[in-house]
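This report refers to the structure that appears directly beneath it.
The values are calculated or read from the model by the stated rules, or taken from the named source; none is laboratory data. Just so you know, these numbers come straight off a predicted model, no measurement behind them. Cβ coordinates were reconstructed from backbone atoms using ideal geometry, including for glycine residues, and neighbour counts include every protein chain displayed. Note: accessible area is taken over every heavy atom of the protein model, side chains too, but ligands, DNA and RNA are not part of it. Shrake-Rupley method; radii C 1.70, N 1.55, O 1.52, S 1.80 Å.
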Amino acid sequence: MRGIEAALKILTEKQNGAIFASEALRKLADREKMKAPDITLASSLIYIVMRKRELWEKISDDYLRAKESLPPEVYISVITGAGGILELRRFSEGVLINGIVEYLKSDNELAKYAGLVNAVLHKIKETAADKPEKFKKSPTLEGRALWAGVPSWSLPVWLKTWSRQELNDLFSFMDLPSYASLRVKPGEFNNLMQLLSSQGIKAVKSDISDAIHLNESILPRKLPGFSEGLCTAQSEGSIIVASLVKKYYSGTGLILDMCSGRGIKAGQVLQDLPDSQIECWELSGNKSNSAVNELTRLGVNQRAIMKTGDALSLEPDKMPSFVILDSPCSCSGTWNRKPESKWRMDWKKLDNFASMQKKLLNRAVNLCKPGGHVLYITCSLLKTENENIIADVLTNNPDCMEVRINLRGHSFRKGKPYGLYILPSSAWLDGFYCALILKR
């Protein structure tokens, strides 16, 4: 299967159901035995559409009449073509248009729309090249949000967290490429740098953390030293927030990771603190199994207890002196790297997340031993999931107080008034929020 056809198929399926595009592409590529260049083209087109879907819809709608009467496959073909024409680098617009038209012609029901799509896409090619730049320079925040790929429904909640000037900066960050960063096993920095160099992989040390920056995205299993546990592909923002455990952990007592996911942060904590023990809770059985595999790869699994279940009802083996709560959230700080997540969100889901976050954080402080700490983390940049949650929990738990996290630099911004934001200000940083609570 060719890349254009695969992208259109997956984007149509995503429009009709709740599939994950990356997982769907992997399955399709395996089933159809797709070649590497076609997989790359398909993933690029899917990423482009997911990243700025509303922008491509806005531009395409200027060239369409009665779009409501078009079958979903046809409309998806138009916005995919628009995004590819206006943003895809080093690929012929003519080849892209022809591929889309041939895809429609191959279906008896859609073939009658092939001429319309061909005409619209050629018109976009000829007259719309400067339109994305006009949105980028728009005098309105709504226009710049379209260019940045920020869903229109979410703009009011962004304005409750950030000033308009701050949003201009954040929207600019969202146009940055996303490259891989690596966490290195303690004591293995020089060894890993030599291994990377021997494979022709360019890498440099970050100036704000212990992360290594690559100038590309890469599959983790293809990294030299990965199978031996020397390195882990991990967003630099994630590395920074997880490093706070090492800084504030007292050195005694159980560490509880309440929502451990695939075990990336737990692995970092166990590597950073070689005498520590961690208990990991995860609701998803698949993620829990992945966490076991991850901790085994790193050689730290014997110091970890893994439990699968709801963090609101599980009980720890003993009272923890440090609790990590990397809470489920809107993932708005990672929308640039993982754009499909933002189109799953709306006001109702955001409210549901906030309600869950309050329950989880109240549980975390109740479980924590007096004198211990709770580290609250989200990959969200929205106040409703961050400072508002901390304020609510501190009000309801007078035995708790915030501990100021002192990280300085242009990539860090103090919360208003609680916690700290890590801004997605480079190709290696996703947006994160963290706040540290001391239980007296």
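In bins 5 Å wide, starting from 0, what share of all Cα pairs of region 261-362 does each bin hold, as a percent?
Pairs per bin, as whole percents: 2, 11, 19, 20, 20, 15, 9, 4, 0.
Relative to the longest principal axis of the chain, what angle (0 to 90°, nearest 10) does the C-alpha long axis of helix 285-298 take?
Around 70 degrees separate the two axes.
Can you flag which of Lys14/Lys202; Lys105/Lys136; Lys287/Lys318; Lys112/Lys349; Lys14/Lys67 are past 28 Å Cα-Cα?
Those over the limit are Lys14/Lys202; Lys105/Lys136; Lys112/Lys349.
Would you please report the Å³ per residue occupied by the convex hull of the alpha carbon atoms in the chain?
Each residue corresponds to 149 Å³ of Cα convex hull volume.
Taking the alpha-carbon set of region 108-204, what are its Rg and Dmax in Å?
Answer for region 108-204, Rg first and Dmax second: 22.0, 63 Å.
From the C-alpha gyration tensor of region 172-247, pull out the three semi-axes of the equivalent ellipsoid (sqrt of 5λ each), sorted largest to smallest, in whole Å.
Output for region 172-247: semi-axes of 19, 17, 11 Å.
How much net charge surrounds Gly415 when only other residues with a Cβ under 15 Å from its Cβ are counted (Lys, Arg +1; Asp, Glu -1)?
+2
Using only the alpha-carbon atoms, how far is helix 347-367 inclined from the longest principal axis of the chain? Give it as 0 to 90 degrees, nearest 10.
Approximately 20 degrees, to the nearest ten.
What is the angle, in °, between the Cα long axis of helix 93-105 and the longest principal axis of the Cα atoms in the chain? Nearest 10 is fine, range 0 to 90.
So the inclination is approximately 80 degrees.
Give the shape of region 341-440 as rounded, prolate or oblate, defined through the alpha-carbon gyration tensor: a ≥ b ≥ c are the square roots of its eigenvalues, a/c under 1.5 means rounded, and otherwise the shape is prolate if a/b is larger than b/c and oblate if not.
oblate
Just to confirm a number: summing +1 for Lys and Arg and -1 for Asp and Glu over residues other than Gly372 whose beta-carbon lies under 13 angstrom from that of Gly372, what do you get?
Around Gly372, the surrounding residues sum to +3.
At 1.4 Å probe size, with every protein chain present, just tell me what the per residue accessible area of region 212-255 comes to in Å².
Spelled out: the 1.4 Å probe surface of region 212-255, per residue, equals 41 Å².
When each pair of different Cα atoms in region 273-321 is counted once in the 1/r mean, what is the Kirkwood radius in angstroms, to one decimal?
Across region 273-321, the inverse of the average 1/r is 11.5 Å.
How many Å² of accessible area per residue for region 10-164, probe 1.4 Å?
51
What are the GluC sites (Glu not before Pro) within region 58-122 that DSSP puts in a loop, where the Cβ has at most 12 other Cβ atoms within 10 Å?
Glu109
Counting only C-alpha contacts under 8 Å and six or more residues apart, can you give the relative contact order of region 195-255 as a whole percent?
24
Within the set of other residues whose C-beta is less than 12 Å from the C-beta of Phe20, count the net charge using Lys and Arg as +1 and Asp and Glu as -1.
Residues close to Phe20 contribute a combined charge of +2.
Measuring with a 1.4 Å probe in the full set of protein chains, what accessible area per residue, in whole Å², belongs to region 278-362?
45
Which of Ser138, Pro224, Ser198 sits farthest toward the positive end of the charge dipole of region 129-243, with +1 on the Cβ of Lys and Arg and -1 on the Cβ of Asp and Glu?
Sorting the options by dipole projection puts first Ser138.
Using all Cα-Cα distances in region 25-167, what percent lands in each 5 angstrom bin from 0 up to the longest?
Over region 25-167, the share of Cα pairs per 5 Å bin runs 2, 9, 18, 19, 19, 14, 10, 6, 3, 1, 0 percent.
Please list, by residue number, every one of the trypsin sites (Lys or Arg not before Pro) in region 348-425 that is coil in DSSP and has at most 15 other beta-carbon atoms within 10 Å.
Those that pass, being in a loop and sparsely packed, are Arg404, Arg408.
Would you work out what percent of the accessible area of the chain, with all protein chains in place, is carbon or sulfur (probe 1.4 Å)?
Using a 1.4 Å probe with all protein chains present, the chain comes out at 51 percent carbon and sulfur.
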